[in-house]
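Read through the structure below, which is laid out as structure tokens, and then see the notes.
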Amino acid sequence: MGAKSGRHFLQIPGPTNVPDRVLRAISLPTMDHRGPEFGRLGRQVLEGLQKIFQTKGAAVVYPSSGTGAWEALLVNTLSPGDKVLMFETGHFAVLWKDVALRFGLSVDFVPTDWRRGADPAVAEAKLAEDKAHAIKAVAIVHNETSTGATSRVAEIRKAMDRVGHPALLLVDTISSLGSIDYRHDTWGVDVTVGCSQKGLMLPPGLGLNAISRKALEASKTARLPRSYWDWEPMLRDNQAGFFPYTPATNLLYGLKEAIQMLLEEGLENVFARHNRHAEATRRAVRAWGLETVCQNPLEHSSVLTGVMMPAGHDADKLRKVVLERYDLSLGTGLGRLKGKAFRIGHLGDFNDLMLAGTLSGVEMGMAVAGVPFTKGGVMAALDCLSNK
Ligand SMILES: Cc1ncc(COP(=O)(O)O)c(C=O)c1O
């Protein structure tokens with residue numbers, strides 16, 4: 001197939017569309033990362049990130065993917081053999097658990113059917129049973145990108161407080177940061193993991209940790225081996241806006257611009273925009289007569305919607321048709337949802353007409369691919385978008 005006209009629709013749940021303002025910022029000439037101008041940029045970015053994480057504590061930035069930021073969190077806070085309570089909310093929870101196991105941590109991995117978030121009542125029961133405080137950390141994926149279920153982190157914090165358990169609370173916000181309301185300080189989270197390529201509207205390449213005082217204290221005695229990910233030299237050099245090794249200079253230009261864009265729109269408005277697009281998408285799915293992957297109405301994700309395919313129909317065949325005919329990329333089913341579900345990303349630099357185009361591509365694609373569905377999902381979404 002030759003060149004395509006018009007813009008590609010990148011509606012996977014990250015990496016997301018990078019706004020022109022951010023692309024222009026990234027294209028500026030690379031500067032001396034040990035010079036005075038860089039120090040100012042470093043400080044601005046680190047202070048801006050505190051607003052995004054809603055914390056007064058430190059945030060650090062690694063040149064890494066999100067997986068690196070997971071590893072950073074584990075090696076800075078835990079020791080070999082430490083017990084960690086995790087929840088199998090989907091594919092990314094499984095991958096994070098595997099990282100923990102490779103470091104010799106002992107994981108209590110609570111199963112789910114991959115159609116909901118982590119259950120605060122189960123967390124409470126497990127922690128209440130643990131009178132000896134063997135559990136050193138509770139690790140939760142806030143927004144499970146493989147399913148579209150958002151765990152109730154504030155509820156899990158309350159459960160921990162009710163039983164007075166001292167475990168660290170570690171949260172992955174890789175696909176929720178800057179898109180779904182998230183409060184590192186208010187919710188008493190100890191380490192939050194984020195990355196650049198989702199709600200922060202940047203290309204991949206930056207991994208983030210936000211760090212509480214308690215986590216910083218824990219890092220003084222944590223014994224997992226660490227070098228590249230060590231918070232100590234990072235936080236020391238960050239005080240003047242510098243880094244212990246070469247940072248991803250141009251991505252930091254982009255991060256400064258992206259933070260500015262989010263703050264100009266106002267975080268409340270950014271979250272409301274995501275909630276509204278998610279609601280319109282769910283109405284479309286319902287009108288099509290299909291099921292969302294997430295089954296708990298309290299936990300529907302505002303950044304993506306996972307859609308179950310009718311039995312006997314392959315989600316990847318539909319995605320192929322949609323890509324070839326309409327130049328629209330949808331997220332594939334991951335892990336046990338491979339072929340059974342597809343994912344519509346509605347996060348980042350995104351608006352009503354982009355959602356209308358995306359849902360139209362899905363509806364037309366289903367007709368072309370011979371997927372059984374009821375017409376009218378797009379209309380249901382448009383009604384929702386034009387009513388509010
Ligand atoms: C919730 C979540 N955690 C972790 C990761 C891993 O991040 P990365 O692929 O950048 O290493 C992803 C990637 O999509 C994710 O969605």
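The values are calculated or read from the model by the stated rules, or taken from the named source; none is laboratory data. From a predicted model like this one, the values you see are computed outputs, not experimental measurements. Using ideal geometry, Cβ is built from the backbone for each residue, glycine included, and neighbour counts are taken over all protein chains shown. Calculation scope for accessible area: heavy atoms of the full protein, side chains included, ligands and nucleic acids excluded. Shrake-Rupley method; radii C 1.70, N 1.55, O 1.52, S 1.80 Å.
Figures for the structure shown
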read-out: Efficiency of FRET from Cβ geometry, Arg34 and Ser65, R₀ 22 Å, rounded to 0.05; value: 0.30
read-out: Candidates per trypsin sites (Lys or Arg not before Pro) in segment 165-224, loop by DSSP, up to 16 other Cβ within 10 Å; value: Arg183, Arg223
read-out: Farthest positive-ward along segment 204-309 dipole, Cα basis, beta-carbon charges - from Ser212, Phe271, Thr305; value: Ser212
read-out: Exposure of Asp181 as accessible area (Å², to 10), given a probe of 1.4 Å and all protein chains; value: 40
read-out: Among Leu46, Leu127, Leu101, residue whose mean-square fluctuation peaks in a GNM of the chain (springs only between Cα atoms under 10 Å); value: Leu101
read-out: Using a Förster distance of 41 Å, the FRET efficiency for His8-Ala125 (Cβ separation, nearest 0.05); value: 0.30
read-out: Accessible surface of segment 239-388 [probe 1.4 Å, protein heavy atoms]: carbon and sulfur percent; value: 54
read-out: Pairwise FRET efficiency - Thr374 versus Ser227, Cβ, R0 = 45 Å, nearest 0.05; value: 0.20
read-out: Degrees separating the helix 352-369 axis from the principal Cα axis of the chain, which is the longest one; value: 60
read-out: Extension gain (nm, one decimal) between Ser79 and Asp98, 0.36 nm per residue minus Cα-Cα; value: 5.3 nm
read-out: Length added when fully stretched, Ala240-Asp349, from 0.36 nm per residue minus Cα-Cα; value: 36.1 nm
read-out: Ranked packing of 325-337, 168-180, 73-85, most packed first, by mean Cβ within 10 Å; value: 168-180, 73-85, 325-337
read-out: Å² of accessible area per residue within the chain, as computed with a 1.4 Å probe and no ligands counted; value: 40
read-out: Whole-percent carbon and sulfur share, accessible surface of segment 54-202, 1.4 Å; value: 53
read-out: Filtered chymotrypsin sites (Phe, Trp or Tyr not before Pro), segment 202-243: DSSP coil and at most 15 other beta carbons within 10 Å; value: Tyr228
read-out: Of Lys4/Lys317; Lys158/Lys340; Lys51/Lys214; Lys126/Lys220; Lys198/Lys375, those spanning more than 23 Å from alpha-carbon to alpha-carbon; value: Lys158/Lys340; Lys126/Lys220; Lys198/Lys375
read-out: Whole-angstrom gap from segment 234-278 to segment 57-80, using each part's C-alpha centre; value: 17
read-out: Distance between modelled label sites at Ala311 and Asp383, nm, 7 Å Cα→Cβ extension; value: 2.9
